[in-house]
Amino acid sequence: MTDYTVTVKPTKDSTGILTGTCDHYGCSHTETVILPKLSEADYEKISSSPATETDEGSETWTLKDETYGTVSVGFTLSALGHSHNLTEHPAKEATCSEDGNLLYYSCECGKFFSDAEGTLEIGENSWLLSKVGHSYTYQVTTAPTKLTAGTLTGTCRFDGCQTIDEVVLPKLTEKDYTYAVTKEAEEGISGSETWTLKEDSYGVIVITTVIPAKGHSLTAHAAHEAGCDEAGNTLYYSCECGKYFRDSICETEIVEGSWIVSAKTHHYVYTVTKAPTAAATGTLTGTCDNDCDSEVKLTLPKLTETDYTYQIVKAAEEGVAGFAKWTWKDDTCGEIIVETVIPALPHTHKLTEHKAVTATCDHSGSNLYYSCTCGKYFSDAAGTKEIKANSWVISATGHNRTYEVTKDPSLDATGSLTGTCGNGSCTEEAITVTLGNLSALALTTLDTRKTAVAAYADDVVKSLKAKLQTAGKSETTTKLSAVKTLIEEKVSTILTKYIKGDVTGDGVINGLDVLRLMKYVAKVENTKINEWNSKMNGDDEINGLDILRLKKFIAKVPCVKLE
């Protein structure tokens with residue numbers, strides 16, 4: 001028996017080979033059989049997996065002739081491939097400042113091609129053309145000479161680029177230029193020569209210069225401007241040979257006298273230097289404006305309507321002058337105008353009475369006065385006594401406040417200080433500040449009480465100043481000082497009866513106070529004391545402890561205080 005194997009696959013265009021090998025042990029016999037081309041006449045296509053755009057497919061053909069057993073041929077079908085959808089990107093020339101690109105096509109698949117058919121794939125960005133930088137076209141803007149350098153100006157050739165490059169051209173020397181004579185100079189005829197810059201980075205730069213004509217010995221005649229009385233001339237050159245030239249290189253010959261510039265005529269501008277009046281003539285002075293010192297004087301006739309056209313420009317009013325214009329009828333010298341003043345019309349004062357107003361503390365007043373529409377002021381109704389503006393003003397009197405303690409403060413209650421303006425017509429509300437209670441002051445010792453009272457009065461004055469400032473008012477330093485003194489005297493008087501230890505109320509602390517307190521504690525009949533002054537040990541009772549504290553205080557026992 002023989003086993004057959006496909007050793008060469010048939011195709012639709014060519015036959016294949018089937019090789020058979022004997023399966024008996026030790027036998028090496030083989031035979032080959034020609035497999036027909038793939039066709040449905042000889043084969044049956046029993047399975048197929050179609051290829052897609054990206055994936056391979058497969059198919060199997062089975063030989064109908066079963067002489068050699070079941071002979072199957074399997075094939076892999078190539079992927080159909082991608083159908084490119086190309087977008088054209090036109091070519092763009094690179095400029096001096098922007099990159100360009102070649103023509104290319106792109107597909108949605110991410111590939112790029114140089115042809116519209118999508119057969120010549122190229123790498124990404126291979127189409128880019130780098131910007132080329134400025135490309136200048138150079139021109140000579142200042143020609144060099146043998147003595148001075150020149151200027152070469154380059155303009156970038158790309159449209160819209162305004163960049164300019166300036167290069168210094170060296171002086172004309174054979175070191176830097178190639179020199180050539182293009183036309184020899186002759187007697188009376190100039191020649192020409194060229195200088196070609198050896199440095200060719202800027203293109204071919206050629207400077208053409210003139211070779212002076214031979215033979216002439218020239219004398220320059222400077223230009224002279226023509227005046228009103230004298231002819232002038234343009235610049236020209238003369239030669240001993242009798243010829244004349246416009247230039248120093250004898251390139252432009254001219255005829256004799258062609259350089260003459262005719263004299264100007266005077267052109268006078270006239271000004272009235274003395275104005276005429278109705279009674280006297282005037283003077284008209286003409287000055288030549290051709291840089292000439294020539295001057296003429298003419299007589300202007302008196303102002304009459306025979307020689308002038310009269311026009312009122314502004315009519316005179318009451319108290320206000322007007323003016324008129326006289327135009328000379330002879331127009332030989334141009335339009336000559338003389339202006340005259342028309343006197344103001346007499347003014348009759350129309351007075352308005354302003355009654356006297358009494359000055360108050362806050363508002364100024366005024367004396368009786370009269371005003372006129374002409375802007376003047378008078379102190380009398382007849383308008384004969386003129387006065388200056390605001391001279392009638394009477395300054396405000398200012399407030400004249402009197403301060404008094406309208407309620408005395410006590411140890412446990414506040415008082416009040418009130419200031420009232422003494423001007424009878426003043427409507428200002430009274431200024432009132434609070435006087436604090438005297439409990440803290442009453443506890444001070446006799447040697448510190450004066451300082452404490454002064455500080456109390458200072459606080460009152462500060463409160464008064466703050467209240468005045470809030471109301472937009474003020475008080476003089478002298479008046480504030482008087483208020484402080486008033487408060488000190490009032491408080492000192494009130495405090496005279498409040499002295500711890502002064503049992504008798506005589507203003508001093510001594511043995512009499514001890515004796516009076518002892519009688520009171522012993523309830524001796526008709527014994528009178530100041531109870532507040534007699535409570536000296538910090539409680540609210542009067543007893544032997546207060547007597548003991550008072551004795552120690554009088555004896556000046558250290559650290560003993562009257563509370």
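When you scan the stretch 367-377, do you find a residue that is touching a Lys or Arg at 6+ places or on another chain (Cβ under 7 Å), part of a loop (DSSP other than H, G, I, E, B), surrounded by 13 or more Cβ atoms within 10 Å (Cβ to Cβ) and without any contact (Cβ under 8 Å) to a residue 60 or more places away in the chain, even just one? Yes, some residue in the stretch 367-377 is touching a Lys or Arg at 6+ places or on another chain (Cβ under 7 Å), part of a loop (DSSP other than H, G, I, E, B), surrounded by 13 or more Cβ atoms within 10 Å (Cβ to Cβ) and without any contact (Cβ under 8 Å) to a residue 60 or more places away in the chain.
Part of a helix (DSSP H, G or I) and small (Gly, Ala, Ser): is that true of residue 454 in this structure?
On the way: part of a helix (DSSP H, G or I): yes; small (Gly, Ala, Ser): yes.
Against the criterion (part of a helix (DSSP H, G or I) and small (Gly, Ala, Ser)), residue 454 qualifies.
Being closer than 20 Å to residue 447 by Cα, modelled with pLDDT under 85 and open to solvent by 90 Å² or more (accessible area, probe 1.4 Å) narrows it down to one of 551, 561, so name that one. Steps first, answer last, please.
On the way: 551 fails: modelled with pLDDT under 85.
Checking each option against the conditions leaves just 561.
Got at least one residue in the stretch 110-127 being more than 30 Å from residue 47 (Cα to Cα), in contact with a Lys or Arg (Cβ under 8 Å, 6 or more places away or on another chain), open to solvent by less than 60 Å² (accessible area, probe 1.4 Å) and at pLDDT 85 or above? No, there is no match, as no residue in the stretch 110-127 is more than 30 Å from residue 47 (Cα to Cα), in contact with a Lys or Arg (Cβ under 8 Å, 6 or more places away or on another chain), open to solvent by less than 60 Å² (accessible area, probe 1.4 Å) and at pLDDT 85 or above. Within the stretch 326-347, at least one residue is outside any loop (DSSP other than H, G, I, E, B), open to solvent by less than 60 Å² (accessible area, probe 1.4 Å) and not β-branched (Val, Ile, Thr). Screening residue 308 with (1) touching a Phe, Trp or Tyr at 6+ places or on another chain (Cβ under 9 Å); (2) over 30 Å from residue 373 (Cβ atoms); (3) at pLDDT below 90; (4) surrounded by 14 or more Cβ atoms within 10 Å (Cβ to Cβ) gives one miss only, at (3). Taking the listed residues 527, 477, the one that is among the β-branched types (Val, Ile, Thr), closer than 25 Å to residue 421 by Cβ and either at pLDDT 85 or above or touching a Gly at 6+ places or on another chain (Cβ under 9 Å) (or both) is 477, with no other qualifying. Each residue in the stretch 509-534 was checked for being surrounded by 12 or more Cβ atoms within 10 Å (Cβ to Cβ) and touching a residue at least 12 places away in the same chain (Cβ under 8 Å), and 14 pass. Among (1) within 30 Å of residue 165 (Cα to Cα); (2) among the hydrophobic types (A, V, I, L, M, F, W, C); (3) open to solvent by 60 Å² or more (accessible area, probe 1.4 Å), which single condition is residue 207 missing? Just one mismatch for residue 207, condition (3).
If only one of 303, 351 is more than 29 Å from residue 373 (Cβ to Cβ), surrounded by 11 or more Cβ atoms within 10 Å (Cβ to Cβ) and among the aliphatic types (A, V, I, L, M), which one is it? If you could, list the steps in order and put the result at the bottom.
Numbers: 351 fails: more than 29 Å from residue 373 (Cβ to Cβ).
The conditions single out 303.
Results for (1) charged (D, E, K, R); (2) in contact with a His (Cβ under 6 Å, 6 or more places away or on another chain); (3) touching a residue at least 24 places away in the same chain (Cβ under 8 Å), shown as yes or no for each residue.
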| site | (1), (2), (3) |
| --- | --- |
| 386 | yes, no, no |
| 391 | no, no, no |
| 395 | no, no, yes |
| 454 | no, no, yes |
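Against the numbered list (1) under 60 Å from the mean Cα position of the chain (by Cα); (2) open to solvent by 80 Å² or more (accessible area, probe 1.4 Å), residue 489 comes up short only at (1).
Specify the residue that is modelled with the highest pLDDT; the eligible residues are those in the stretch 406-420 that are outside any loop (DSSP other than H, G, I, E, B) and open to solvent by 40 Å² or more (accessible area, probe 1.4 Å).
Among those that are outside any loop (DSSP other than H, G, I, E, B) and open to solvent by 40 Å² or more (accessible area, probe 1.4 Å), it is 407.
Look at residue 90 and say whether it is at pLDDT 85 or above, under 30 Å from residue 158 (Cα atoms) and not β-branched (Val, Ile, Thr). Judged against the criteria, residue 90 is a match.
Considering only residues that are among the polar types (S, T, N, Q) and without any contact (Cβ under 8 Å) to a residue 40 or more places away in the chain, which ones fall in the stretch 404-426?
So the first thing to find is which residues in the stretch 404-426 are among the polar types (S, T, N, Q), and the list is 406, 410, 414, 416, 418, 420, 423, 425.
406, 414, 416, 418, 420, listed by residue number.
Close Cβ contacts (under 7 Å, 6 or more residues apart or on different chains) running from residues in the stretch 298-315 that are over 17 Å from residue 272 (Cβ atoms) to residues that are assigned to a strand (DSSP E or B) and open to solvent by 50 Å² or more (accessible area, probe 1.4 Å) comprise 314/323.
The values are calculated or read from the model by the stated rules, or taken from the named source; none is laboratory data. Remember, predicted model here, so these are calculated numbers, not experimental data. Cβ sites come from the backbone with ideal geometry, for glycine too, and all protein chains shown count toward neighbours. Side chains included, ligands, DNA and RNA excluded: accessible areas come from the protein's heavy atoms. Shrake-Rupley method; radii C 1.70, N 1.55, O 1.52, S 1.80 Å.
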